[in-house]
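One structure is given below, encoded as structure tokens.
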Amino acid sequence: MEPEDIKNIEDINEQPVESVVPNATANQPVSVWTSGGVQHQKDELVTEVPVALVYNGISHAVMMATPQELQPFAIGFSLSERIVKAASDIYDIEIDASDAAGVQILLTVSAESFSHLKDRRRSLSGRTGCGLCGAESLQQVCLPVDPIDSCLKISHHSVDRACRELEQHQPLQSLTGGLHAAAWCNLQGELVRVYEDVGRHNALDKLIGWLAQTGSTDYEQSPENGFLLMSSRASYEIVQKAAISGIALLAAVSAPTSFAVEIAERANITLIGFTRANRHVVYTQPQRLID
């Protein structure tokens, strides 16, 4: 398949090889103690499995993830880690769940991308909530980011609206209590798309992959015409992935870190933390927010 043939996510093969990808949740018998005694019930747990990303036959990274929406995850990871420059550099994706140890995402990428990957290759094992496991040098921690040139204007009320609506768009979180969410919101604060995953970085990569495949054809799904809302804290890597994807405004339910604020300033990103009903804190580039 040539790169120009890939117009949207559906054009890339997502069929598992000789197997079925695990479900997003698993049923577990539990004993629940209350002051009234012990009750035997069943609980829904979020599924967490090793997901290996394999480029042109070479394993590059293993992430612990929720095994759903793996195709946009693979695209978003490839973009946000700068393995490819554009989604069109990915020629094919296959999901192989035939190994009981986990799931493999088999990507075929352009020769230029693969050559670049070999030059900077790292062996990365991503544990839940961790984006640095396996980095071989300090230089691999912070990828270069360019300042975002954006005329985006968002009202405080739009950010507040998105925060209020996020919980309603997290069905797996409501069922299991164990997932993060990355939400794309339009200028009015309506949630256009939400991805859930046990890892906040994985949820964001899924969203980035979706944006990369649809942003050029849909106004509301363009990074220039909306903002990102995360159910988690704003770590440095969340901000870095947003910067690489051209997202000018990032709001997080919890706190940012000092390094995240530093990268947001460098990338000209409006960073908001502690989003609550009727309240949020703006840490950088407040000029994009209007009353």
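Treating only the Cβ of Lys, Arg, Asp and Glu as charged (+1, +1, -1, -1), what charge dipole size does the range 154-290 show about its Cα centre? Round to the nearest 20 debye. Numbers along the way, then the final one.
Working: 11 positive and 13 negative charges, 59 e Å.
It works out to roughly 280 debye.
What's the exposure ranking of PHE114, PHE77, going from fewest to most Cβ atoms within 10 Å?
Working: PHE114 19, PHE77 29.
The order, fewest Cβ neighbours first, is PHE114, PHE77.
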Legend entry - For ASP43, residues with placed amide H under 5 Å, excluding near neighbours: GLN28, VAL30
Legend entry - Distance (nanometres) between label positions extended 7 Å along Cα→Cβ at ASP119 and LEU187: 3.9 nm
Inset, instruction - Mind listing the long-range amide H neighbours of SER110? Cut-off is under 5 Å, sequence gap 5 or more, other chains count too, H placed in the peptide plane at 1.01 Å from N. - result: TYR91
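If you count, for each residue, the other Cβ atoms within 10 Å and average over each peptide, how do 275-282, 151-158 line up from highest to lowest? Could the numbers behind the result be given before it?
Details: 275-282: 13.5, 151-158: 15.8.
Sorting 275-282, 151-158 by mean packing, highest first, produces 151-158, 275-282.
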Inset, instruction - Could you check the simple spin-label distance between SER258 and LEU143, using points 7 Å along Cα→Cβ, in nm with one decimal? - result: 2.6 nm
Inset, instruction - Please report, in whole Å, how far the alpha carbons of the range 154-290 spread along each principal axis, starting with the longest. - result: 37, 32, 27
Legend entry - Built amide H within the under 5 Å cut-off of ALA252, gap 5+: MET230, ILE272, GLY273, PHE274, THR275
Inset, instruction - Tabulate in residue order the Karplus-calculated ³J(HN,Hα) for the range 41-58, using 6.51 cos²θ - 1.76 cosθ + 1.60 with θ = phi - 60°, rounded to whole Hz; enter x for Gly and Pro. - result: 9, 10, 10, 8, 10, 6, 7, 10, 9, x, 10, 9, 9, 10, 10, 6, x, 10
Inset, instruction - Tabulate in residue order the Karplus-calculated ³J(HN,Hα) for the range 188-197, using 6.51 cos²θ - 1.76 cosθ + 1.60 with θ = phi - 60°, rounded to whole Hz; enter x for Gly and Pro. - result: 8, x, 7, 7, 7, 8, 10, 10, 10, 6
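Count the DSSP beta bridges whose two residues both fall in the range 144-291, then state the antiparallel fraction as a percent rounded to the nearest 5.
Numbers: 15 of 24 bridges.
Taking every DSSP beta bridge with both residues in the range 144-291, the antiparallel ones total about 60 percent.
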Legend entry - Rg/Rh (Cα only; Kirkwood hydrodynamic radius) as it applies to the range 237-289: 0.93
Legend entry - Integer Hz, Karplus 6.51/-1.76/1.60 couplings in order for the range 260-271, x for Gly and Pro: 4, 5, 4, 5, 4, 4, 5, 8, 6, 9, 7, 10
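Taken together, the values in this text are just the output of simple stated rules run on the coordinates, not laboratory data. Keep in mind it's a predicted model, so treat the numbers as computed, not measured. Heads up, the Cβs are rebuilt from the backbone with ideal geometry, glycines too, and the neighbour counts pull from every protein chain shown.
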